[in-house]
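Down below is the structure, laid out as structure tokens.
The values are calculated or read from the model by the stated rules, or taken from the named source; none is laboratory data. Small disclaimer: the values here were computed from a predicted structure and weren't measured. FYI the Cβ positions are ideal-geometry reconstructions off the backbone, even for glycines, and counts take in every protein chain you see.
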Amino acid sequence: MFPKVWSASHTPGNAPVYLNVYDLPPMNGYMYWAGLGIFHTGVEVHGVEYVFGAHDYPSSGVFEVEPRQCPGFMFKKSIFMGTTCLDSLQVPFANADCLITAVQHDPDFQS
């Protein structure tokens, strides 16, 4: 539905980062046209999506899922956020500030 597009300049030190957006309730289809909605998000980098909470396990926190396949939610769209210089071994251990700092925004990208 929304294929990944890797730029020609993609290198291991320049990995794309996507914000994956999911609809929560089925009524979002109606609320969307009014500019409203309730959503869940995950961050996809290096072919893994990192999401917070919203699962049936007894623990809480960040966990990994297949990109665009978060259980219990309906995938809506991916938004390209920029690139990161972190490699696939560094990302799971990065805190939010580190990951945000490592994402270089594409100045040509317009949402």
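Things to note:
- The listed residues are P71, P58, and the only one of them that is farther than 18 Å from A94 by Cβ and at pLDDT 85 or above turns out to be P71.
- In segment 75-97, the residues that are assigned to a helix (DSSP H, G or I) reach residues that are of a type in the set (F, W, Y) with C-beta atoms within less than 9 angstrom, at least six apart or across chains, in these pairs: V91/Y50; P92/Y50.
- Hey, Y57 of a type in the set (F, W, Y) and assigned to a loop (DSSP other than H, G, I, E, B) or not: yes
- Across segment 17-50, the number of residues qualifying as surrounded by fewer than 16 Cβ atoms within 10 Å (Cβ to Cβ) and either assigned to a loop (DSSP other than H, G, I, E, B) or of a type in the set (G, A, S) (or both) comes to 10.
- Pick from segment 35-58, criterion within 10 Å of the chain's Cα centre (by Cα) and of a type in the set (D, E), ranking: nearest to P16 (Cα to Cα): E44
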